[in-house]
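A short reminder: the numbers here are calculations on the coordinates, not readings from a lab. Not measured: the values here are computed from a predicted model. As a convention, Cβ positions derive from the backbone with ideal geometry for all residues, glycine included, and neighbour counts pool all protein chains shown.
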Amino acid sequence: MSRVQADPRTPPTANDSDGAPLLEVTDLFATYPVRRGIVGALKRERRRVVRAVDGVTFSLDRGEMLALVGESGCGKTTTAKAVLRLIDPVSGTIRLSGRDITTTPQRQLRPLRKTMQMIYQDPYESLDPRFRVSQVVEEPLAIHGEHRGRGARHGQVVDALTRAELTPPELFADRYPHELSGGQRQRVAIAASLVLGPELLVADEPVSMLDVSVRAGILTLLDRLRRENDMGVLMITHDLSTAAHFADRIAVMYLGRIVEEGPARKVIEDPQHPYTKALLSVVPRRDPRERLAPQILRGETPNPIDVPAGCRFHPRCPVVRDECRATDPELRPVPGAPDHRAACVLIGT
Amino acid sequence: MGMRTDVTDDIGEELKRPAPHRGRRNWFWRVISESTQAKVGLGVLLFFIAIALLAPWIMPYDPRTSVGEPYEPPSWEHPLGLDDGGVDMVSLLIQGGRVSLVVGFAATLVAVLIGGGIGIIAGYFGGWSDSLLMRITDYFLVIPDLPLAIVVAAVWGPSLSHLIFVIALLLWTTTARIVRAQVKSVRERVYVRRAGSLGASDLRIVFRHVLPQIGPLLAANVVLTVAVAIFDETALTFLGLGDPTAITWGSIITFAFLRTAISAGAWWAVIPAGLCVAFVIMGCFWLGQAIEDALNPRLKVSYLSTRSFRVLKPSAPEDG
Amino acid sequence: MSLLEVRDLHVWFDRPGGERLHAVQGVSLDLDAGDRMGLVGESGCGKTTIVLSLLGLLPPSATVAGDVRFEGESILVDDEETLQLHRWTGISMVFQGAMNALNPVKTVETQIVEPMEFHGTAEGADARRRAGELLELVGIPTDAGARYPHEFSGGMRQRAALAMALACDPKVLLADEPTTALDVMVQAQILELLVALAKELGLALVLVTHDLPVVAQVCDRAAVMYAGEIVETGPMDLLFHAPRHPYTRLLFAATPGLHGQDEVVSIPGTPPRLDREIVGCPFHPRCDRAFDRCRVERPELRWLSEHRRAACHLNDEPAVAGRGGA
């Protein structure tokens with residue numbers, strides 16, 4: 001049984017020699033066009049876009065786990081895809097180990113893909129059903145031409161499977177994905193992303209489709225791997241409890257912006273942004289005796305096509321003020337905790 | 001308790017067995033073994049293919065030499081009688097089968113190569129290449145079959161290779177549309193996108209991930225296209241667009257028709273050839289349909305079934 | 001006599017390869033008006049199969065045995081007429097993924113009226129008026145009834161599905177993973193709605209889910225399922241604070257708490273195959289308290305006290321159990 005001691009987090013290991021964080025995202029914007037169709041074009045309707053990522057800035061150090069948390073449509077998945085250059089941002093900067101990869105053409109990005117890998121949400125769909133486990137884990141090596149020769153590659157595969165806790169590896173190597181459980185498949189995906197020794201790992205809801213009893217195992221594995229290999233992990237999740245337990249830092253997103261960001265414990269215990277407070281208040285608790293004082297916001301998150309003016313949260317904010325309709329607040333540090341920031345005019349008052 | 005126990009305990013009974021010999025690879029054999037329809041279809045096809053291959057050894061007489069009177073009825077030496085030129089029908093059918101099957105397969109091959117190629121490019125890359133290729137496909141779909149064939153024959157002269165070309169031209173569009181639709185959907189599968197995020201080249205993705213996934217459907221399409229190709233050959237030859245010197249099932253029927261076999265009562269000159277064509281087409285359909293049905297497991301489940309779930313009556317209570 | 005009584009329910013499924021899957025292995029429970037009961041378990045434990053049996057919605061490959069009584073009348077029959085008597089008017093259901101199962105070419109109002117007219121509880125203008133009332137009850141503006149499902153958000157569609165389920169004034173509402181695909185804020189809204197409706201309409205609610213915290217907040221009692229059987233039942237409070245089955249304890253332990261600093265565990269191993277006979281306790285290979293008896297003898301779901309049942313040998317052996325519990 002795997003257990004995690006949720007003791008105070010050891011600080012992340014040092015950055016690389018010139019002090020640049022592993023990943024630095026500045027003022028990132030990414031949009032999706034909304035198709036007008038012929039009728040719309042003829043009527044000369046304004047071209048509308050989905051403002052999926054609307055000005056996001058954050059950084060990630062080696063050995064650190066940052067959880068991007070938010071509800072659907074907040075832009076967390078799009079941010080992750082933009083960081084990996086799976087979609088092209090409209091503007092902003094993405095720096096990987098100090099190197100600007102925002103506009104690098106896909107061809108030049110290919111060798112860089114060795115250093116940044118992604119774990120997908122659906123373990124039942126992310127592995128090619130026609131590939132054996134050994135082929136799945138070997139593929140990244142074959143793509144990048146690493147370790148030529150069957151023997152060398154096989155050794156890497158066995159090593160990766162072992163590190164993903166699929167032991168004995170020989171037993172798993174010849175299997176097809178459909179013979180494995182969801183948790184095992186996700187471990188195969190993890191092994192396949194480890195085999196190239198990445199520096200950055202993006203995990204998109206890595207356990208949301210797995211049974212509760214296996215989630216901790218996978219998350220603990222990710223946690224251990226990032227410490228052992230000094231990997232930076234960007235975890236996308238909608239589950240605040242998971243983020244609270246495993247991440248070093250949490251960034252809460254709403255309608256394409258980070259509205260609060262800081263050390264995990266601080267964000268959970270002492271939330272500053274009204275949205276974070278509301279969100280935390282409605283997360284169901286395990287203990288039936290814990291009576292919630294839920295702050296259930298009315299309505300639903302507006303469409304990212306029509307982002308409200310001023311503070312994007314103001315239409316639903318329980319403590320809204322007049323100035324919120326006009327001002328779009330920046331992330332500002334909470335007094336007394338410079339590493340904990342929130343985008344609300346009430347901070348510091 | 002080490003970190004590893006939660007996974008080693010995962011290894012239940014199933015994983016202790018040795019890896020299955022082939023797993024998912026042999027979908028083809030699975031379909032064949034599970035479906036009687038597939039077995040019959042394949043059997044019929046193999047029968048005709050075998051005859052065509054073994055022709056030089058099993059043909060009783062030379063298909064171009066007269067061995068008796070025109071339209072001699074079937075007898076022990078000539079089980080299917082003789083045609084209008086006194087040639088043994090069985091030999092004619094065997095020879096005709098060779099050519100018809102070759103034309104059918106060759107035309108299908110060309111059609112699938114063209115259609116498959118276009119379908120993959122359009123489906124995988126999308127965008128303007130997709131629009132362009134699909135408009136071209138639509139154009140070919142719209143062209144009336146017969147006039148096209150007639151024009152080609154008129155311009156280039158009737159010959160077998162032209163016949164193959166024309167049939168291919170008529171058939172590639174269906175393959176293109178099916179392949180494009182499939183490629184478009186497979187392309188969106190998570191594991192394909194994941195391969196892309198690993199840095200795999202498009203070529204690799206298409207050959208290693210997309211093609212194997214559409215393989216079965218493509219196979220079904222190929223088999224069904226052969227059926228249509230053979231039918232087209234028969235029809236087009238009948239209309240005089242084939243090589244007049246070649247012996248095909250179509251030409252056998254044609255000449256029998258032209259040389260008034262029916263009014264002469266010589267059914268053996270017409271019907272056997274027609275039956276051969278019909279059997280091959282049916283064989284193709286059965287095999288192709290069986291593959292298609294196997295690919296779509298949801299067709300097996302009938303939610304509108306009139307049958308209901310079963311309720312077990314409790315067994316009779318014991319005495320005392 | 002309870003509103004809904006399930007006695008020794010068994011369900012088998014015939015698989016295409018010829019094997020038989022014993023999906024539900026002797027489940028018994030009672031439901032009274034006003035109860036809010038949770039049916040909790042992970043994938044494959046049989047909880048959805050149970051609720052489908054209650055409505056007679058099992059596929060032809062299923063075989064059932066046992067007894068299910070609604071208001072005293074046996075409804076575990078393969079006779080459509082008897083099933084139709086109580087379907088929707090007595091017991092109704094919000095299906096898993098119901099919000100994606102709304103008919104895209106009919107307006108929401110029409111879809112709420114449909115069951116009323118089909119079961120003869122209301123007609124025409126009367127039915128439409130009632131549909132309007134239901135929409136208001138579930139928090140959808142009445143004029144939105146004339147819209148189509150694709151114009152609604154996920155949360156609104158789930159409310160519409162709820163309105164449909166309530167169309168014929170049922171006494172029992174079965175909700176299968178009603179909030180699984182929804183954001184946490186919308187989930188909170190829907191759960192609040194469910195509880196309010198249950199109280200206001202005097203419904204008996206069965207909430208089927210794998211999400212323990214949801215059950216903890218909504219239900220007053222729950223049945224924990226594993227490998228086709230119920231392994232523990234009891235008030236939510238006691239299930240969390242004093243579980244009498246290791247699986248219950250471990251399941252809670254595997255769910256991270258928001259504020260607590262408790263360890264988060266995972267349970268090693270996988271559930272047993274249901275197409276084979278299970279020897280001993282189905283959970284014993286994964287149990288951290290298993291002992292010899294667990295390997296050979298299958299525990300019965302026994303009453304431990306008035307409202308508690310558990311299927312674990314530890315409850316018989318206080319010496320082994322130590323603190324007298326799992």
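Cross-link partners of residue C:199 among lysines, defined as those whose alpha carbon lies under 16 angstrom from its own and excluding same-chain residues fewer than eight positions apart: C:171.
Quick check: convex hull of the Cα atoms in chain C, volume per residue, rounded to a whole Å³?
In chain C, the Cα convex hull volume per residue is 142 Å³.
Pair-distance distribution of the range C:189-297: all C-alpha pairs, bin width 10 Å, starting at 0; shares per bin in whole percent are 12, 39, 31, 14, 3.
The distance linking the range A:232-300 with the range C:189-209 is 25 Å (Cα centroid to Cα centroid, whole angstrom). Remark: B:88, B:138, A:230 ranked as B:138, A:230, B:88, counting other beta-carbon atoms within 10 Å and listing the fewest first.
Once you have all Cα-Cα distances for chain B, histogram them in 20 Å bins from zero and send the whole-percent values. P(r) for chain B, in whole percents per bin: 24, 44, 23, 7, 1.
Modelled this way, with points 7 Å down the Cα-to-C-beta line, the labels at residue A:292 and residue C:117 are 3.8 nm from one another. Close amide H pairs (under 5 Å, H built 1.01 Å from N) link residue C:39 with C:207, C:208, C:209, C:223, residues at least 5 positions away or on another chain. Placing a pseudo-label 7 Å from each Cα along the Cα-to-Cβ vector at residue A:269 and residue C:201 gives an inter-label distance of 4.4 nm. Along the range B:100-105 the Karplus relation, 6.51 cos²θ - 1.76 cosθ + 1.60 evaluated at θ = phi - 60°, assigns HN-Hα couplings of 4, 5, 4, 4, x, 5 Hz to successive residues, with x for each Gly and Pro.
One equal scatterer on each Cα of chain A, no solvent, Debye formula: the resulting log10 I(q)/I(0) at q = 0.07, 0.09, 0.13 Å⁻¹ is -0.33, -0.54, -1.07. Phi-derived couplings, Karplus 6.51 cos²θ - 1.76 cosθ + 1.60 at θ = phi - 60°, listed residue by residue for the range C:130-136: 4, 4, x, 4, 5, 4, 5 Hz, with x used for Gly and Pro. When Rg and the Kirkwood Rh are both derived from Cα coordinates, the Rg/Rh ratio for the protein assembly as shown amounts to 1.03. FRET efficiency for the residue A:323 to residue C:57 pair, using the beta carbon distance and R₀ = 56 Å, is estimated at 0.50. Measuring nothing but how far apart in sequence close Cα pairs (under 8 Å, 6+ apart) lie, relative to its length, the range A:147-265 scores a relative contact order of 18 percent. Between the amide H of residue C:93 and those of C:174, distances stay under 5 Å, these residues lying 5 or more places away or on another chain, with hydrogens modeled in the peptide plane.
Based on the Stokes-Einstein relation at 20 °C and a viscosity of 1.002 mPa s, and on the Kirkwood radius from alpha carbon pairs, the range A:172-328 is assigned a translational diffusion coefficient of 118 µm²/s.
At q = 0.19, 0.25, 0.27 Å⁻¹ the log10 of I(q)/I(0) for the range B:209-277 amounts to -0.74, -1.03, -1.12, computed by Debye summation with a single uniform scatterer per C-alpha, solvent ignored. Over the range C:195-242, the alpha carbon radius of gyration divided by the compact-protein estimate 2.2 N^0.38 Å works out to 1.21.
Would you give the gap between the C-alpha center of the range C:1-56 and the C-alpha center of the range A:23-70, rounded to a whole Å? For the range C:1-56 versus the range A:23-70, the Cα centre distance is 45 Å. Remark: the range C:216-256 projects, on average over all directions, an area of 2.9 nm² (convex hull of Cα atoms). Cross-link reach is defined here as a Cα-Cα straight distance under 29 Å, omitting same-chain residues fewer than 8 places apart; for residue A:81 the lysines meeting it are A:114, A:266, A:277, B:184. Taking DSSP loops as anything outside H, G, I, E and B, show the longest stretch in chain B free of GluC sites (Glu not before Pro) there with at most 15 other beta carbons within 10 Å. No qualifying site falls inside B:189-317, the longest such stretch. For the range A:111-194, run through the trypsin sites (Lys or Arg not before Pro) and keep only the ones in DSSP coil with at most 15 other Cβ atoms within 10 Å of their Cβ. For trypsin sites (Lys or Arg not before Pro) across the range A:111-194 that sit outside H, G, I, E and B with at most 15 neighbouring Cβ atoms in 10 Å, the list reads A:148. Here the Karplus curve 6.51 cos²θ - 1.76 cosθ + 1.60, taken at θ = phi - 60°, turns the phi angles of the range A:140-149 into couplings of x, 5, 5, 4, 9, x, 7, 6, 5, x Hz, with x standing for Gly and Pro.
Please quote Rg/Rh for the range C:14-134 to two decimal places, taking the Kirkwood radius as Rh and restricting both calculations to Cα atoms.
Reported Rg/Rh (Cα atoms, Kirkwood Rh): 1.00.
Distance from the Cα centre of the range B:160-219 to that of the range A:158-208, in angstrom? Each part reduced to its Cα centre gives a spacing of 29 Å.
Overall shape of the range C:16-84 was characterised from the C-alpha gyration tensor. The equivalent ellipsoid obtained from it has semi-axes of 22, 18, 10 Å, in decreasing order. Here's how it looks for residue C:304: its modeled amide H is under 5 Å from those of C:309, C:310, which are all 5 or more places away or on a different chain.
Pairs of Cα atoms nearer than 8 Å and 6+ residues apart set the relative contact order; for chain A it is 20 percent.
Listed by chain and number, the lysines placed with their C-alpha closer than 27 angstrom to that of residue B:39 are B:300; residues fewer than eight positions away on the same chain are left out.
For residue A:48, neighbours were defined as the other residues whose beta-carbon sits under 11 Å from its Cβ, and their charges (Lys and Arg +1, Asp and Glu -1) total +3.
Site-free segments of chain B were taken between trypsin sites (Lys or Arg not before Pro) in DSSP loops having at most 14 other Cβ atoms within 10 Å, sites themselves excluded; the longest one is B:65-306.
Cβ crowding within 10 Å, taken as a proxy for footprinting-reagent exposure, orders C:183, B:130 from fewest neighbours to most as B:130, C:183.
Helix-only arithmetic for the protein assembly as shown: the sum of -39500 (n - 2.57) across DSSP H runs with n ≥ 4, divided by the residue total, places the mean residue ellipticity at 222 nm at -13000 deg cm²/dmol.
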